[in-house]
1. Starting from residues that are loosely packed, with under 14 Cβ neighbours inside 10 Å and not in a loop (DSSP other than H, G, I, E, B), keep the ones in region 26-36 and report whichever is modelled with the lowest pLDDT.
2. Specify the residue that is nearest to K41 (Cα to Cα); the eligible residues are those in region 1-12 that are part of a loop (DSSP other than H, G, I, E, B) and aliphatic (A, V, I, L, M).
3. What residue, of I54, I20, is surrounded by 11 or more Cβ atoms within 10 Å (Cβ to Cβ), assigned to a helix (DSSP H, G or I) and at pLDDT 75 or above?
4. Any residue in region 39-52 that is closer than 15 Å to M25 by Cα sitting within a Cβ distance under 8 Å of a residue that is among the small types (G, A, S) and surrounded by 15 or more Cβ atoms within 10 Å (Cβ to Cβ)? List the pairs, counting only those 6 or more apart or interchain.
Amino acid sequence: MNIGVAQVGNAADFSLFMVIFSQVMAAKMDGDEKLGILDMKTLFRAQKYTLRFIKSRGLDVKNLLIGNTIFGVVEIGRIHPK
């Protein structure tokens, strides 16, 4: 539990940052579509772990991810489907 003045201030600053950051990212991603925080987390994690898996297999990422079409498959875990 945060009980110190600095701890509470840091927590409040961080929460405001997350709200502003999520609004900026939602505006940049698929303008017509409304994305929730959980949707954005799912998309970013899917891309992160897909790239990590591809790199761990020694494959060339640039040749495999032509147009980022592979990320369409990993978006299955979205809360709000397209």
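The values are calculated or read from the model by the stated rules, or taken from the named source; none is laboratory data. Please read all numbers here as calculations on a predicted model, not as lab measurements. Glycine also receives a Cβ, built like all others from the backbone with ideal geometry; neighbour counts cover every protein chain displayed.
1. Per the stated criteria, the residue is K28.
2. My answer is M1.
3. So the residue among I54, I20 that is surrounded by 11 or more Cβ atoms within 10 Å (Cβ to Cβ), assigned to a helix (DSSP H, G or I) and at pLDDT 75 or above is I54.
4. Taking only residues 6 or more apart or on different chains, the pairs are M40/S22; M40/A26.
Okay, residues lined up against (1) of a type in the set (D, E); (2) at pLDDT 85 or above; (3) not in a loop (DSSP other than H, G, I, E, B):
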site: F14; (1), (2), (3): no, yes, yes
site: V24; (1), (2), (3): no, no, yes
site: F44; (1), (2), (3): no, no, yes
site: V73; (1), (2), (3): no, no, yes
site: H80; (1), (2), (3): no, no, no
